[in-house]
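Step one of this worksheet: look at the structure below.
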Amino acid sequence: MSAVCSMFVVLLLLVSAATVEGKLKNYKFDIQLKNVSRLCHAKSIVTVNGQFPGPTIYAREGDTVLINVTNHLKYNMSIHWHGIRQLRTGWADGPAYITQCPVQTGQSYTYNFTITGQRGTLFWHAHILWLRATVYGPIVILPKVNVSYPFPKPHKEITVMLGEWWNADVEAVINEAMKSGGAPNVSDTHTINGKPGPLGTFTCPTKDTFVIPVQQGKTYLLRIINAALNDELFFDVARHKLKVVEVDAVYTKSFDTKSVVIAPGQTTNVLLQANQKPGRYFMAARTYMDAPVPVDNRTATAILQYMIAPNSSFSSNTIAMPQIPSPKDTSSATNFNNALRSLNSAQYPAKVPQTVDRTLFFTVGLAIDSCTTCINGSRISAAINNVSFVMPTIALLQAHFQNITGVFTTDFPDKPPTPFNYTGIPPKNLIASKGTRLTRLSYNSKVQLVLQDTSVLTADNHPIHLHGFNFFIVGSGFGNYDPIKDPKNFNLVDPPERNTVAVPTGGWSAIRFTADNPGVWFMHCHLEVHTTWGLKMAFVVENGNGPNQSILPPPNDLPKC
Ligand code: C2O
């Protein structure tokens, strides 16, 4: 390289570094197949850089993160940075056909975003087909330099990623279900950091166990992430209390709990004090599912192992088992969720909208679709306000930005077209309609959205995830939402702030957010099977009039469809 040329490169780097407040973090993701074995089944899975789970993205609040993704697969690929606000940078959000066309075989795309006003644990995952079954990894956002945690500094931090493992090819599993019209086969085991542990696999003893070494007397921060496709999970550590300090990258008032309930798409940080007798203790994850649907009932385990002097041994050889709540323990789950409060300190205020400009009421539930080739002549489907979402073939954000007509409409219903007793006996002739219908929101409007489960086919739980925003869960309950009585009990002071809300089975949740991020933002059930069936929609948030209130132009390497 000539001197002039290299000077130019240095200058360019200086200029781009000067435009960001924090540091630039560069990552390279090669999407490739890798042979791995779990439960005695070897198979080839889709990975990032051959790692399972994938690499951790470390950044600080204020940093700009560049992730160059190259796709070496036969499948199309896209990656979502789950929970990252993506202020004005929807192009980097990731859901295929919503904010971008997928990265095709042999192509690359650099996701470029700045982390603004967030710190804590999030995660990234594939956002196309069912590929997130194996394509996921943690995002750890540290506070700015010289800013400390609002809780005692832990001795060490450990990420605990919960997942689901299928012995079969996941794409074959869902394709088979779509063909027959029934529900897909449940996973073969749950995993902790990619490993099932000894209880997940009685028939096949394996060394596939994640071990966490701890020092007696020290405190550890566990960054728990539920990356499972379809299962809400309880998490518990034998004989150790957990102190919750953060959810979905927002600090909470701390509280002690025996176990944590965590829905797909949610993250929970807890402090664990290694204050028990030196020994080995199981940590375990198993399904929380209080609806009558088939579930994977395998318990994933990892081991918390106290460090002891060399040549000494534990007084007992047994590994203590946690008393994890039973899969149908609705009250444990409800108590946990009801205990969550935003920290709401002077430094980290909870900016709950006190007034509402736009009121939305969405039913979320299953539906039936006719299908002449299916086994029963019908297929299980799912819908919001009786609309089962149809994926477009070019990205919605692009269509919005370039004013391309005919890709979507903005007439998504604000309330159910035909009201009924949502949690009672559903009407017989309720056939969901289909469409790529979106809801338009004006810039900075304050939105209240009530998500109401239905008992169509069966009541079920729905962890609803909204891209591009955090929201406040101001209320929730069982049965039908009552628009007169229930708002009187809303918490408008310190409700939990999240990006994913677990709408209770046969119940409702009310959320509020300020539409301060222009773009197209996906909202869907984070149970992948429900998303596939159509339980999804999107919001179009208009640009504001002020400076820095419009979507930025798309990057040059944005993939084409
Ligand atoms: Cu983590 Cu659209 O999802």
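The values are calculated or read from the model by the stated rules, or taken from the named source; none is laboratory data. Predicted model only: the values in this text are computed from it and were never measured. Every residue, glycine as well, gets a Cβ built from its backbone with ideal geometry; the counts of neighbours run over all protein chains shown.
Would it be correct to say that F362 is over 30 Å from V493 (Cβ atoms), at pLDDT 95 or above, within 26 Å of the chain's Cα centre (by Cα) and not assigned by TED's automatic domain parsing to the domain that holds G117? Judged against the criteria, F362 is not a match. Taking the criterion of being in contact with a helix residue (DSSP H, G or I) (Cβ under 7 Å, 6 or more places away or on another chain) and among the aromatic types (F, W, Y), the residues of the stretch 104-152 that qualify are Y111, F113, W130.
Collect the residues in the stretch 296-310 that are surrounded by fewer than 18 Cβ atoms within 10 Å (Cβ to Cβ), in contact (Cβ under 8 Å) with a residue 24 or more places away in the chain and in a loop (DSSP other than H, G, I, E, B), keeping them in residue-number order. Matches in the stretch 296-310: N297, M307, I308.
Here T514 clears all of (1) touching a Phe, Trp or Tyr at 6+ places or on another chain (Cβ under 9 Å); (2) hydroxyl-bearing (S, T, Y); (3) within 12 Å of the ligand (Cβ to nearest atom) except the condition numbered (3). Just one of the listed residues (W124, W130) is out of contact with any strand residue (DSSP E or B) (no Cβ under 9 Å at 6 or more places or on another chain), crowded, with 21+ Cβ neighbours inside 10 Å and either under 27 Å from N167 (Cα atoms) or among the small types (G, A, S) (or both), and it is W130.
Once the stretch 486-507 is narrowed to residues that are part of a strand (DSSP E or B) and under 19 Å from the mean Cα position of the chain (by Cα), the residue that is nearest to the ligand (Cβ to nearest atom) is T500. Residues in the stretch 148-158 that are touching a Phe, Trp or Tyr at 6+ places or on another chain (Cβ under 9 Å) and either of a type in the set (S, T, N, Q) or not in a strand (DSSP E or B) (or both): Y149, P150, F151, P154, H155. Checking each residue in the stretch 45-86 for being among the hydrophobic types (A, V, I, L, M, F, W, C), crowded, with 20+ Cβ neighbours inside 10 Å and within 21 Å of T114 (Cβ to Cβ) picks out I57, A59, V65, I67, V69, I79, W81, I84. Kindly establish whether I115 is among the β-branched types (V, I, T), crowded, with 22+ Cβ neighbours inside 10 Å, within 16 Å of the ligand (Cβ to nearest atom) and at pLDDT 95 or above. For I115, the condition - among the β-branched types (V, I, T), crowded, with 22+ Cβ neighbours inside 10 Å, within 16 Å of the ligand (Cβ to nearest atom) and at pLDDT 95 or above - is not met. Counting only strands (runs of 3 or more DSSP E) that fall entirely inside the stretch 202-265 and contain at least 1 residues that are over 25 Å from Q347 (Cα atoms), the qualifying elements are 211-214, 219-226, 233-237, 250-257, 259-262.
If you go through the stretch 469-485 one residue at a time, do you hit one that is among the small types (G, A, S), within 16 Å of the ligand (Cβ to nearest atom), in contact with a strand residue (DSSP E or B) (Cβ under 7 Å, 6 or more places away or on another chain) and not in a strand (DSSP E or B)? The answer is no; no qualifying residue exists. On inspection, T189 does not qualify as over 24 Å from P53 (Cβ atoms), touching a strand residue (DSSP E or B) at 6+ places or on another chain (Cβ under 6 Å) and not aromatic (F, W, Y). Scanning the stretch 77-101 for residues that are away from the ligand (no atom under 14 Å from the Cβ) and of a type in the set (F, W, Y) gives a single hit, W91.
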